[in-house]
């Protein structure tokens, strides 16, 4: 009644009933029931339009459901099972529970001699692995409790929940796709508790690497590198594994050494170099000590059992300090019947909002080692806090921060980024420069703004730009393809070599320079058309080096080599720095562009990219963006999803012809982008589906020029921003968006 607005009771048919064991809880178990309900189209339409269910309910066809399953976008693979059961399909999934009644109890959760199985368990490989990890009864119990909280009401852990848990443990998000593939031994797309527990035991830093546990660990290692899950390591995959073992032994990881070690191992196994390596031969190679270093691979950054023990201790302390009866699970059967909707939503939200959960390993705040000194009409000064007297910083404080500081090294006036930024501002300024003439008579040289006094100054910036590109490359390459950031944040659109507009935005939005910069997200198209592309890129790279977490750069469609050769940036580099050095600088810059992130989400609600939203058949959910490969020198060939993000546009209402309307209707709100000659246009219905599927509220994008610097369209849920004022000699203003305190505020900056 609450969901559909009508009494659907007579139409409810139970598909499956779960009885889930709850250890150390007033209620020993909880029931979860999945129903099949048939509703008419008018009821479905009313449900979609109800304000309290909007963005919380998603209607999917079987084709759409299979598409999301194929992209690992479902909360649990059970959803497909339930859908098939609802239409009477005979289940053939051996990896999932069958039948209508499923009980999860202590006997099929805990592995040990004191539960069902007794002494027989002692000889099982799983028990030996748990023993090697020192996982006792209490450890398994705590792990099970945490697992239920993370996945309930599902019975399997999805890739999204798994990824968040791995990130909390200290893994890089970019590693989590391979980690999940390794843990998902059945390939079903979700982990049962026992699979999750065995995976955790295998990853423990102190799990012994010998005998049966070592073989189990090696199987996990093999799946981690087997990217196509075909049971064989391609030569490239095997070299990656060899590289990881060499890194574990602190040996060089150059290409020649990797190829030499890989070929030697293959020959010793009786195989040809450059051939595939099956799992059985890999295990034989490890057992015969032909491949060393695997004992150090796939080790968790911290103990998983210890982490969960700390987590439970912390939560117990919090619960004791709060009012009692803060249980997330109802205490009586009557309460279950009455309050399932309100009580159990807490557990469901636990996995959906796990990213926001307070964890004991959350990064603590720390005292910055430098102080920003502001004086009227003088440049900002950076001073070490340890240099102050005791009336400003006690000796106990200065001892803690007396060591080397990366931020201070990047921000002080003699660092490469600071020198590059000073050179860019010098280039943009109109100044009088004193000189000493040959006859010992001093004089001045008038330097107009946007110029150099001598070619040597321009050459010097080119040299710095090359160093900046090399230094910033690993920073950008380590970032995920989909950034997740928190407000407040300024968002800028296309700049197109317009250094004038960028420096004016800097002056009015963050005038206090690097030490006090806010977070700034720039949506791409840094070069082409404008005449100061290299100087603008120098500003971007230097700023990124100084504040990697504050200056966030996305890729635009002009951050590709082919486009730059069609337009102006390639010729600009050659004209400024010569045929040889100019091409070298141009390639170094594009190496950075090849690894830039492609999208961002602010506060888990506002999606940002350069072009526009991708079609659902390319990107069912935005988490698919995380799987885009890097580097991406040829996005058109390497990733259709990346290409859509770079090129797509919203359709303009006044431009919809009858044929375009028909194409939009036939393709879920998408049609060929005739204006660009590539990519798609999308309508308001497509945007609404995209937002609902990803639980988002707005999209902010760039890619198109508007006279006021911004455009709000599609019921205010799509914001276009363009930050290059006087674009190509026009009269448009520069735009920006500020996201803060739940508001998206448009900013218009006039540069006259």
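What follows draws every value from the coordinates through simple rules; no lab data is involved. This is a predicted model, so every value here is computed, not measured. Note: ideal-geometry Cβ built from the backbone for every residue, glycine included; neighbour counts use all protein chains shown.
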Output ordering of 581-589, 282-290 (per-residue mean of other Cβ within 10 Å, highest first) is 581-589, 282-290
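At a 10 Å Cβ-Cβ cut-off, how would you order 89, 678, fewest neighbours first? Could the numbers behind the result be given before it?
Numbers: 89 11, 678 15.
Going from sparsest to densest Cβ surroundings: 89, 678.
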Fewest to most Cβ atoms within 10 Å: 80, 508, 13 sort as 13, 508, 80
With a Förster distance of 30 angstrom and the Cβ-Cβ distance between residue 627 and residue 692, calculated FRET efficiency to the nearest 0.05 equals 0.85
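Quote the relative contact order of the range 206-298 in percent (integer), defining contacts as alpha-carbon pairs under 8 Å separated by 6+ residues.
In percent, rounded to a whole number, it is 33.
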Note: probe point = Cα of residue 660 + 7 Å toward Cβ; backbone nitrogen < 20 Å; residues of the range 611-652 passing the test are 611-616, 644-652
Proxy exposure order for 271, 73, 62 (fewest C-beta within 10 Å first) is 62, 271, 73
Descending packing, highest mean Cβ count within 10 Å first, for 444-453, 291-300 is 291-300, 444-453
Rounded to whole angstrom, the alpha-carbon centroid of the range 416-430 lies from that of the range 612-651 at a distance of 36
The alpha-carbon center of the range 653-704 and that of the range 170-232 are separated, in whole Å, by 40
The range 596-752: spread of alpha-carbon positions along the three principal axes, whole Å, largest first, is 44, 36, 33
Each label sits 7 Å from Cα toward the beta-carbon; between residue 206 and residue 728 the label points are separated, in nm, by 6.6
On the formula 1/(1 + (r/R0)^6), with r taken between the Cβ atoms of residue 748 and residue 486 and R0 of 22 Å, the FRET efficiency rounded to 0.05 is 0.30
